Amino acid sequence: MNSYYRGPSYQNKTKSRFTVVRIVIIIILCILLALILYLGRDKSENPGNPSESPSNPVTETGTAEPSSASEKPAGKKIPAITINLDNLDYRIQGTEEASQVSSSGKTQTVGMGKGSMLHMAFDEQPELYNIKLYKDDELVFTGKTPIILPEDIPANGEYNAVCEAVYNTEEYSGSANYCFNLKADFPPLPVISATETVPGELLVIVVKYMDPEEKLEIETDLDFKPNIFDYDNKKVILQPVSYYNKHDKVYSIKLIIKEETYSYAIKVNEKEFVVQQLTIDPKIEAETRNDKSAQERAEKIEPLRPICDDVPYWRGDFIMPVEGGRVRDYDFGKRRHVNGSPTSYRHNGLDIGHDEGVPVMASNNGRVLIAEYLIQTGNTVIIEHGFGLKTWYYHMSELDVKTGDMVEKGQVIGKVGSTGFSTGPHLHFSASVNSVYINPITLINEGVPLLAID
């Protein structure tokens, strides 16, 4: 039997070779273990579809689309809000659905009454938000503050409220809607445009939060019994102060609503009205200011004064009916003596001087009550703008409208002339509430107080 002796050198080489093999095996095992762990984690994050990454979904074309920045993070809830009203807190959970009602069908109802103020507090501050109120699916209010005040509520009743918010925080990124019902039950709230004025101006009273069946009465010693109108869920009263009312006197207005009486002291300050000595051809005076003209006015003009359509036709500002005319602001209310007469009468409007034939425009939208030639006022137009508010146009050379027409602001209704009791080409322009004349310059410059109708 042959035996071979392997020396120390050969034994060392063999030992070294086994060491390398062991190291390679260990490395392979480590790689396999890491791969198993990786595949297991991928399956847990993407069950049933391990080939797609959640942050970069693969499209049908094989390209990856970036995820939306507004996408709700996994597991993150939409922040809630807290409504504080009359020291009570109401929690409202948000929804991604744009709706006037909660997606759960259970919408919280809150009530507002006298002295109430609704405040919203957000769990997370949104980037932007707005609040909307709907009444019978019609948007009636929108605001960009977290507060709803009584003056924001147009009338008593039930509203759908929606707060729309947009978030971009670590907790939540995206839009949210908070829906709740708001039931308003306020007592009547009267507002008067002024308690101090001068003769020839217009006061307006508006009463909010009156139910349709509730009765409103008014008592005043201002020598005019006003009408009461329903408009935009409010009661509206136009109360003119005549230039015949005494200066430096305090008048009273009382509103009676159910068992409540609301009293207002109206101070009428002094106003200086000029005195005019007018000279006119005696023949023109005799032909235009006589018994026949007085009878004509009684038959054709006086029946128009009480007319008060219950719809406000006017929109926005009233305009001067003649462009570029010569206007003297002291014309209204002046005491006029004709041809040296010791007696005077009050001039109830403005005399706007201009060339004959210049267009005359309707000061605002309205209904033509009369468009006719009259002995004293010549070619005459009277327009009812609603609620008894009228404008009057005299002495025109021709008429471009007829009785019964509906006219729009700026529409040509006639031409400047000198017909009737007139000394030369001009337009006599007046404004009144029924039979009481008011300053047309104030109407043009300031509009109808408390009634911005656009």
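What follows draws every value from the coordinates through simple rules; no lab data is involved. Small disclaimer: the values here were computed from a predicted structure and weren't measured. So basically every Cβ, Gly included, is an ideal-geometry build from the backbone, and we count neighbours across all protein chains shown.
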Open item on the list: Could you list 197, 391 so that the one with the fewest beta carbons within 10 Å of its beta carbon is first and the one with the most is last?
Closed with: 197, 391
- [ ] Would you mind pulling out the separation of the Cα centroids of the range 274-341 and the range 382-454, in Å?
- [x] 10 Å
Task: Net charge contributed by nearby residues that have their C-beta within less than 11 Å of residue 357 (K/R +1, D/E -1) - done: -2
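As a test of understanding, state the convex hull volume per residue of the range 81-184 from its alpha carbons, in Å³.
Value for the range 81-184: 92 Å³ per residue.
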Task: Ranking of 134, 251 by count of other Cβ atoms within 10 Å, fewest first - done: 134, 251
Open item on the list: Give the lysines whose C-alpha is closer than 21 Å to that of residue 106, dropping any in the same chain fewer than 8 places away, or say none.
Closed with: 77, 132, 135, 183
TODO: Could you line up 287, 384 from fewest to most neighbouring Cβ atoms inside 10 Å?
DONE: 287, 384
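What order, most packed first, do the peptides 221-227, 180-186, 375-381 have when packing is the mean number of other Cβ atoms within 10 Å of each residue?
Details: 221-227: 15.3, 180-186: 18.0, 375-381: 22.7.
Put in order of decreasing packing, that is 375-381, 180-186, 221-227.
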Open item on the list: Taking 20 °C and 1.002 mPa s as the conditions, I'd like the Stokes-Einstein D for the range 275-446 in µm²/s, using the Kirkwood hydrodynamic radius from alpha carbon pairs.
Closed with: 133 µm²/s
TODO: Treating cross-link reach as a plain straight distance, find the aspartates and glutamates whose alpha-carbon is under 17 Å from the alpha-carbon of residue 234, omitting any fewer than eight places away in the same chain.
DONE: 151, 152, 158, 185, 211, 213, 214, 217, 309, 310, 454
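Summing +1 for each Lys or Arg and -1 for each Asp or Glu, what net charge is found among the other residues whose Cβ lies under 13 Å from the Cβ of residue 144? If you can, show how the numbers build up before the last one.
Values: positive: 132; negative: 127, 152, 164.
Neighbour charge sum, excluding residue 144 itself: -2.
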Open item on the list: Considering just Cα atoms, how many Å³ per residue does the convex hull of the range 189-268 enclose?
Closed with: 79 Å³
